[in-house]
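As structure tokens, the structure follows; a few thoughts come after it.
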Amino acid sequence: MRRPASRGFAALLFVVALLPRLYVALAWAGEPVWDGHYYDFGARRIAAGFGYSDDLAIGGAPAWHPWCHYPVGYSAFLAAFYRLFGASSHVAAAANASVGAALAVVTWILARGGMSEGRARVAGALVALHPGLIVYAALVMTEPLAALFTLGAFAVATGLRSPRRGVVLGALVLGAGALVRPQALLCAPFLGLVALRTMGDAKVARRLAVGAAYAAAACAIALVPVLPWTARNCRVMDGCALVSTNGGWNLAIGAFPRATGRFETLRSSDGCREVTGQVQQDRCWLEYGVAQIREHPARWLALVPAKLGYTFDHESFAIEYLREARPAAWPEARRVASRGVLSTVHRWLVAASMLGCIAFARGRRRDVAAQAILVAIAAALFYRAAGDAPSYWPLAVFAGAVPWLPLPGRPRFGAALLLPVALLATTIVTHAVFFGEDRYHVVVAPVFCILAAAALRRSAPRAS
């Protein structure tokens with residue numbers, strides 16, 4: 001049975017998280033740049049009643065032109081605020097700050113289902129005071145909202161007494177989050193873990209069968225919020241697209257001959273010269289990317305460490321975004337120092353997250369030995385990561401993989417902790433396949449905070 005929520009702590013946590021985010025968002029925000037420009041433009045169009053679109057000049061007259069290259073969810077979220085309060089940078093800043101504050105509260109709510117109240121409060125406080133997440137409030141970018149939806153879905157799924165209701169409602173929230181970040185759908189099968197908490201000592205075959213049934217149901221239910229948007233795309237675009245049309249584009253970026261492991265601009269000369277619509281373009285790049293992987297699988301696999309390195313080794317995107325928007329406000333010394341602070345905090349959290357997978361084992365020699373080996377592996381990874389060429393992505397892989405292993409003496413990992421680990425694991429796989437940039441780890445920053453707060457718990461009882 002879940003503990004009753006502490007409304008006082010929730011309110012305090014929200015305020016503590018909100019105030020620095022609101023200050024940074026209002027004081028530092030500038031003109032939306034890079035992808036933020038398109039998110040903001042899309043939000044303004046939706047708020048003005050034109051839908052997710054722009055205008056094209058055809059025969060000298062403007063013509064309505066629908067979009068779906070980027071996922072619609074974040075622009076639709078901003079559009080609601082723009083419609084109520086006006087389309088301005090201050091409105092976007094307040095909305096982003098509120099999302100970041102809510103993320104701290106949701107992280108605490110989710111964490112308290114899998115660890116002690118004190119540790120859960122530490123997890124929420126880490127998110128509230130995370131400098132990278134605070135700075136991110138000044139950006140018109142999707143990652144905090146994507147994290148809020150995904151962790152919110154996990155909190156709903158694990159927080160209700162009825163596993164069936166939890167899976168249904170959690171899957172619906174996850175599906176809504178897929179409109180912000182389509183990769184959220186990869187977490188849907190893991191909602192089947194919620195079913196296992198009421199099965200007691202049922203046989204393994206029975207547990208697997210019930211878990212698989214819940215997982216399949218979650219996958220189907222998660223599509224319910226998505227399908228109306230899919231139907232819209234089929235109706236107004238040049239073909240059907242589930243959510244957006246940047247999947248093939250992203251695959252090609254991670255596989256084409258000029259691929260480096262991070263974002264590189266595709267040109268028509270790279271492979272798709274004659275395309276007339278967004279869906280056709282995406283399908284062309286998808287076919288091109290798959291063909292490149294088939295023809296040069298070794299080259300594609302060799303890029304995986306670089307992709308994960310660009311994703312997890314440092315934290316610089318937020319500072320570069322702000323500098324692009326307001327160059328005069330970010331002289332080189334301030335830029336370098338700020339990047340250093342954000343990267344250092346991120347790296348220490350990633351390192352601490354490994355300890356969330358390790359128990360403070362006592363008693364049985366087998367348990368103590370297994371956990372001691374994990375400590376040695378974690379120490380070796382950290383020693384290597386902290387060298388002259390920082391490489392922290394193996395630490396993130398450790399944190400995303402070890403909780404799934406049935407090792408002796410392991411700490412307790414119920415659904416409330418395994419689901420965030422699933423988000424981390426699917427993020428690792430996604431960017432190993434496509435390409436990496438450090439902004440993509442922002443979605444899993446709360447997961448690192450949860451695992452850091454869970455460091456060195458006691459071994460779970462053997463019956464679990």
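Values computed for the structure shown
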{"read-out": "Residue order, fewest to most surrounding Cβ atoms within 10 angstrom, among Trp229, Trp404", "value": "Trp404, Trp229"}
{"read-out": "Cysteines without a disulfide-compatible neighbour (Cβ-Cβ under 4.7 Å), the chain", "value": "Cys68, Cys187, Cys219, Cys357, Cys449"}
{"read-out": "Percent RCO, i.e. relative contact order, over segment 144-259, from Cα pairs under 8 Å lying at least 6 residues apart", "value": "23 percent"}
{"read-out": "Kirkwood Rh, Cα atoms: Rg over Rh of segment 70-115", "value": "1.14"}
{"read-out": "Residue order, fewest to most beta carbons within 10 Å, for His346, His65", "value": "His65, His346"}
{"read-out": "Selection from Ala453, Phe154, Pro408 lying farthest towards where the dipole of the chain points positive, charges on Cβ", "value": "Pro408"}
{"read-out": "Which of Met237, Met141 has the fewest Cβ neighbours within 10 Å, and the rest in rising order", "value": "Met237, Met141"}
{"read-out": "Low-density loop positions, trypsin sites (Lys or Arg not before Pro), segment 426-464 - DSSP coil, at most 10 other Cβ in 10 Å", "value": "Arg462"}
{"read-out": "Radius of gyration and maximum dimension Dmax of segment 1-160, Cα, Å", "value": "18.1, 66"}
{"read-out": "Degrees, to the nearest 10: 7-28 long Cα axis against longest axis of the chain", "value": "40 degrees"}
{"read-out": "Separation between Cα centres of segment 135-149 and segment 404-420, rounded to whole Å", "value": "28 Å"}
{"read-out": "As computed over the chain, the Cα convex hull volume per residue (Å³)", "value": "162 Å³"}
{"read-out": "Residues whose placed amide H lies under 5 Å from that of Arg458, excluding near-sequence neighbours", "value": "Phe360"}
{"read-out": "Segment 1-83: relative contact order as a whole-number percent, Cα under 8 Å and 6+ apart", "value": "24 percent"}
{"read-out": "Whole-Å distance, taken between Cα centres, linking segment 220-268 and segment 278-319", "value": "13 Å"}
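Each value in this text was obtained by applying a stated rule to the coordinates, not by laboratory testing. Here the structure is a predicted model, which means the values were calculated and not measured. Ideal geometry is used to build each Cβ from the backbone, glycine not excepted, and the neighbour counts take in all protein chains shown.
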